[in-house]
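A.B. asks: Can you keep this structure in mind? I'll have questions shortly.
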Amino acid sequence: MKTLGSFPDDFIWGSATSGHQVEGQNQHSNWWHWELKTETQPHSGRAVDYWNRFEEDHALMAEMGLQAFRVGIEWARIEPRQGEFDMEAVARYLEIFDSLNKHGIKICLTLHHWVVPQWAAEKGDWRNPNMVAWFLEYVRFAVEQFAAYPFQWVTLNEPMVPALAGYLSADFPPGRHNYFEFRKVVRNMLQAHAGAYQLIHQQDPQAMVGVAMAYPDLQAWGSTGLAGAYERFIAGLAKRFIYQAWDDSVKTGKIHPLFGRGEIAGLKDSVDFCGINYYFRMTLRFSFKHARSLFIDQNATPEGIEKNDFGWQIWPKGIRTTISKVWHQFAKPIVITENGIADRNDEKRAHYITSHLKQISLCLEDGIPVQGYYHWSFIDNFEWNEGFDMAFGLVAVDPEDPNLTRKPRKSASIYSKIIRENGRDLNPVL
Ligand code: BGC
């Protein structure tokens, strides 16, 4: 199946967004309420109004040659009040999917991307033992309505991010610092994933279902002596918390001791593909100045390493080590469900894309079945606590512009060229 380059003929070239980050007016959600908490917190507001401008966006995608789009649906929109499903919202999502079909763009559907309905948040969200059942009601409904469309499903996007940021570091809603709650939340999310996996397969036994996991490349800085030993210890611990304990639980069906005890029915091996979200490397450095973060400077950057607008290290090799690690653990096809860069001026994005694709092509040469690549993001969007300050889009949008004019960046043309040549030339010149 190989062409001249190392990308197979059926490699899927796509890009991604999530509902809350692009749709706008997701008013019945916990994030909307979190955004209203203080004056200084950025508001998603109309976001980039994908809810009304999807047709224009899909036409742009088709022009770029995108073959697939990872799109999210919002639970809070579909079930704004408990037990009440909003058929107008369903109809709109159906229009969105029909429009993608019309443009010949395949759909990878994310069921949950961090955001929950406000009614569930008020009842304790993922801390409430009933949350799993509530979530599965929503999934059952969504699968019944939408099963004809997706060729890939993502049950949960980066579950460990809202678990860690919501219940340990208090950066995300509900803004808690509580290890016991964190454990409960992860156990419930594991159960929610397992249940969603089963529901989708009941509807479509051939469905391809996965989780999109965040895998930062976490390394110790490499200090000498005790400081170095401490850095290695923290790097190991961080890996376990951020992805390894979750992955081990999914692989074995047994809850990892970090989260509790016991087994979850239907969890073992409950992925048909492994979704990898990869962005950056972190080199964890011991520092007395960082007492509040366990004496670790998370932003320490070796000389000569480029960073994105967020301050994240650009480290293409990390995507290869991640792919290889995940493949060796799960032996399931790999999909790069997210990879991208905050780069408003578009100075580094094209090279970011090509350098990461080169690493992916090396994985393909190693015989690892990487099936597709979704660039994050198709369009600038609401970047959570950073609001619109971080620009990840292949397409630029100024949130102040009353018309929210879509302006494809130069890197979009470069990605488009790569797609048209199926990755044969990773040093494209326009
Ligand atoms: C998330 C996205 C986010 C992106 C850039 C990913 O971890 O899934 O929602 O916008 O990173 O920070």
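The numbers here are math on the coordinates, done by the rules we state, and not lab data. Everything quoted here is computed from the prediction, not taken from an experiment. All Cβ positions, even for glycine, are placed from backbone atoms using ideal geometry, and neighbour counts span all protein chains on display.
A.B. asks: Given the stretch 191-283, what whole percent of its Cα pairs are spread farther than 21 Å?
C.D. replies: On the way: 1894 of 4278 pairs.
Tail fraction, whole percent: 44.
A.B. asks: For the stretch 228-244, just list the computed ³J(HN,Hα) in residue order, Karplus coefficients 6.51, -1.76 and 1.60, θ = phi - 60°, integers in Hz, with x standing in for Gly and Pro.
C.D. replies: Each residue of the stretch 228-244 in turn: x, 4, 5, 4, 5, 5, 5, 4, x, 5, 4, 4, 4, 5, 7, 9, 5 Hz.
A.B. asks: Rank by packing, highest mean first: peptides 366-372, 319-325, 183-189, with packing defined as the count of other Cβ atoms within 10 Å averaged across residues.
C.D. replies: Peptide ranking by packing, descending: 183-189, 319-325, 366-372.
A.B. asks: Between 220, 391, 196, which gets the highest mean-square fluctuation from a Gaussian network model of the chain, Cα cutoff 10 Å?
C.D. replies: So, out of 220, 391, 196, the one fluctuating most is 220.
A.B. asks: Quick one: which of 251/307; 307/407; 268/348; 102/251; 184/407 span more than 32 angstrom between C-alpha atoms?
C.D. replies: 251/307; 268/348; 102/251; 184/407
A.B. asks: Moving on. Looking at the chain, I'd like the Rg to Rh ratio, where Rg is from alpha-carbon atoms and Rh is Kirkwood's inverse mean 1/r.
C.D. replies: 0.94
A.B. asks: Using the 2.2 N^0.38 Å rule of thumb for compact globular proteins, work out how the stretch 352-399 stacks up: its C-alpha Rg over that value, please.
C.D. replies: 1.51
A.B. asks: Measuring from centroid to centroid over Cα atoms, what is the spacing of the stretch 347-423 and the stretch 185-261 in Å?
C.D. replies: One Cα centre to the other: 26 Å.
A.B. asks: What residues have an amide H closer than 5 Å to that of residue 379, excluding those fewer than 5 places away on the same chain, when H is modeled at 1.01 Å from N in the peptide plane?
C.D. replies: Amide H to amide H, under 5 Å and 5 or more residues apart or across chains, residue 379 pairs with 394, 395.
A.B. asks: For the pair residue 86 and residue 291, how long in nm is the line joining their label points, each one 7 Å along Cα→Cβ?
C.D. replies: Reported label-point gap for residue 86 and residue 291 is 4.8 nm.
A.B. asks: OK, next. Using 0.36 nm per residue of separation minus the Cα-Cα distance, give me the extension gain between residue 306 and residue 254 in nm, one decimal.
C.D. replies: Fully extending the segment from residue 306 to residue 254 adds 14.7 nm.
A.B. asks: Related question: Rg/Rh for the stretch 39-83: what does it come to with C-alpha atoms and Rh from Kirkwood?
C.D. replies: 1.10
A.B. asks: Lys and Arg at +1, Asp and Glu at -1: add these up for the other residues within a Cβ distance under 12 Å of residue 426 and post the number.
C.D. replies: It works out to a net charge of +1.
A.B. asks: Provide the gained length on full extension for the span residue 33 to residue 98, in nm with one decimal, where the gain is 0.36 nm per separating residue minus the Cα-Cα distance.
C.D. replies: Roughly 20.3 nm would be gained on extension.
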